[in-house]
């Protein structure tokens, strides 16, 4: 399957360091395409005023300037190139010799995030976390199956466990 990653830089808390780290994480995934976009809140560009744009206009949020955004874009490209991704074609990325090792590192970090999210959901009122619980169930199922399958060729497609999703929907409906 084709997997694309979209990186958005120039956000409120973004920096050259976060842009570089995001690009390195993207480079470590079994992606077929990476795109990077600078966040714009320019009223001339937007079809409507979004909440972030309104808060920025009111001076309640500050965003990086043009030079900082340009530096972040350059950091993303440099990180991808440093990871050996200079040809963004599907075949080259999927055959990269460091792919398995990079995926294992990203999977370990993702597992920590899933565990943190599960702890938060356990102590939260069930009604308040219905949607996150359902999403986490589906995505965790896919994640577990990806890790179990591994990242070396041949890569069989993985899907969420229907049984886990049905059980999560039933549990959600009863809360």
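The values are calculated or read from the model by the stated rules, or taken from the named source; none is laboratory data. Note that this is a predicted model, so its numbers are computed, not measured. Here Cβ is always computed from backbone atoms with ideal geometry, including for glycine, and neighbour counts include all displayed protein chains.
Some points to look at:
- If you check 52, 46 for being at pLDDT below 85 and part of a loop (DSSP other than H, G, I, E, B), only one passes: 46.
- The set of residues in segment 131-143 that are surrounded by 10 or more Cβ atoms within 10 Å (Cβ to Cβ) and more than 16 Å from the chain's Cα centre (by Cα) comprises 133, 134, 137, 141.
- Residue 135 being closer than 27 Å to residue 175 by Cα, touching a helix residue (DSSP H, G or I) at 6+ places or on another chain (Cβ under 6 Å), in a helix (DSSP H, G or I) and modelled with pLDDT of 85 or more: no
- Pick from segment 62-76, criterion surrounded by 21 or more Cβ atoms within 10 Å (Cβ to Cβ) and assigned to a helix (DSSP H, G or I), ranking: modelled with the lowest pLDDT: 76
- Residue in segment 109-130 that is exposed (fewer than 12 other Cβ atoms within 10 Å of the Cβ), over 20 Å from the mean Cα position of the chain (by Cα), free of Cβ contacts under 8 Å to residues at least 60 places away in the same chain and not in a helix (DSSP H, G or I) present: yes
- Positions within segment 144-168 being surrounded by 13 or more Cβ atoms within 10 Å (Cβ to Cβ) and farther than 30 Å from residue 96 by Cα, in sequence order: 164, 165, 168
- Members of segment 1-25 found to be touching a residue at least 40 places away in the same chain (Cβ under 8 Å) and outside any helix (DSSP H, G or I), listed by number: 1, 2, 7, 9, 10, 11, 12, 14, 15
- Of all residues in segment 9-56, exactly one satisfies the criterion of being out of contact with any helix residue (DSSP H, G or I) (no Cβ under 9 Å at 6 or more places or on another chain) and under 26 Å from residue 151 (Cα atoms), namely 35.
- You will find that of 128, 148, 173, 160, the residue that is closer than 28 Å to residue 24 by Cα and at pLDDT below 90 is 160 and no other.
- A search for C-beta distances below 6 Å between a residue of segment 163-175 that is without any contact (Cβ under 8 Å) to a residue 60 or more places away in the chain and any residue that is in a helix (DSSP H, G or I) and loosely packed, with under 14 Cβ neighbours inside 10 Å, counting only pairs 6+ apart in sequence or on different chains, returns 175/126.
- Any hit, segment 87-108, residues being at pLDDT 85 or above and surrounded by fewer than 15 Cβ atoms within 10 Å (Cβ to Cβ): yes
- Residue selected from segment 26-37 under the condition surrounded by fewer than 18 Cβ atoms within 10 Å (Cβ to Cβ) and outside any loop (DSSP other than H, G, I, E, B), by the criterion modelled with the lowest pLDDT: 33
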